[in-house]
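Below is one structure, written out as structure tokens; comments come after it.
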Amino acid sequence: MTGKIIKGISGFYYVYVEGAGLYECKAKGAFRKQKIKPLVGDMVDIAVLDEENKLGNVEEILPRKNELIRPAVSNIDMALVIFASAKPDPNFNLLDRFLCMMEYQKVPVTICFNKMDLIDKEKQDELRAIYEPAGYRVIFTSTKTGEGIDTVRHILEGKTTTVAGPSGVGKSSIINCLQDEIQMETGHISKKIERGKHTTRHSEIIPIADGTYIMDTPGFSSMDVPGFEKEDLWTCYPEFVEHEPYCRFQGCSHINEPDCGVKEALERGEISQVRYDNYKLLYEELKSRQRY
């Protein structure tokens, strides 16, 4: 039987098999010997030990399409990063940190600004103007009015999407809206994997339709991705990449050097000042970290 690990905790792996339900599995000792750890998001082959109680063993981990370091998950098709349009105002520095982490790990991102009922069209256009020139899809939602939820549902269809964002932005409300039409089986799954002894703040996948999964992840705040250095930072700003060939100096930091293609694009208004200011802050932070 083949299924997807939707939660892993304390040596137990909860494997969702479409049409058959959720199995509580242990991993074979061979994985430990090979120093392989099953990850949330892995597609696995399982052997059923007890069909009535839905117990089994993870026999094989199928090849991974990708593997994220932070959060430690696999086979992610997209990241949906959710911030509030207002109350609280978007923290662009935090948003850019997340975008850089996903770019570094080569995961496409859609940006969702929730609470759109609190802002006008002009404010929406301002937010779009920061991120759309960088190549990101920007959508607006309101869990209060229901506006934009169908757009989110359509974007997620057929994908495994990691959903992230700070607290207080309506992330849980959006996830709840997406679960409105879910079969009873999924509600049962949520109940089963939240049993006392196995509850914790770990990444968890929620099946919302056949072939469609969302992953709620713990919060994020730092650039703590192993191997990520200040020299990598500009490559994680897609709008910088096309202008970098016009820099006079190889290895240009795009901060102090003259004849910098990125700074010239900034002056022409082709790069958002908000994005560039955050780039400089993150660059200095990474530079300080390397020093110590």
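Every number in this text was worked out from the coordinates using simple rules, so none of it is lab data. Only a predicted model underlies this, so the values are computations on that prediction, with no experimental measurement involved. Cβ: placed from backbone, ideal geometry, glycine included. Neighbour counts: every protein chain shown.
A compact table of results
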item	result
Cα-projected label distance for Glu157 with Asp210, points at 7 Å along beta-carbon direction, nm	1.4
When each of Lys7/Lys33; Lys106/Lys171; Lys65/Lys106 is checked by Cα-Cα distance, pairs over 20 Å	Lys7/Lys33; Lys106/Lys171
Summed residue charge, Cβ within 14 Å of Lys28's Cβ, Lys/Arg positive, Asp/Glu negative	+1
Within the chain, percent of DSSP bridges classed antiparallel, to nearest 5	55
Sequence ranges 235-247, 91-103, 42-54, ranked by mean other-Cβ count within 10 angstrom, highest first	91-103, 235-247, 42-54
The stretch 2-61: Cα Rg divided by the 2.2 N^0.38 Å rule of thumb	1.00
Within straight-line cross-link reach of Lys121, aspartates and glutamates at Cα separation under 17 Å, skipping those fewer than 8 residues along the same chain	Asp89, Glu132, Glu147
Gain in span if fully extended, Lys280 to Asp232, counting 0.36 nm per residue against the direct Cα distance	16.0 nm
Three-way shape label, the stretch 79-140, alpha-carbon gyration tensor, a/c 1.5	prolate
Cβ-based charge dipole, the stretch 57-178, positive-most Cα from Pro108, Ile130, Ile174	Ile174
Dipole moment magnitude, nearest 20 debye, the stretch 230-291 about Cα centre, only Lys, Arg, Asp, Glu C-beta charged	280
Ile9 paired with Ser288, simple spin-label distance in nm, labels 7 Å along Cα-to-beta-carbon	3.5
Sum of -39500 (n - 2.57) over DSSP H runs of 4+, divided by residues of the chain (222 nm, nearest 500)	-8000 deg cm²/dmol
Correct choice for Cα extents along the principal axes in Å that was computed from the model, options (1) 50, 40, 33; (2) 69, 49, 29; (3) 54, 41, 36	(2)
Charge dipole of the stretch 230-291 about the Cα centre (unit charges at C-beta), most positive-ward option of Gly251, Leu286, Trp234	Leu286
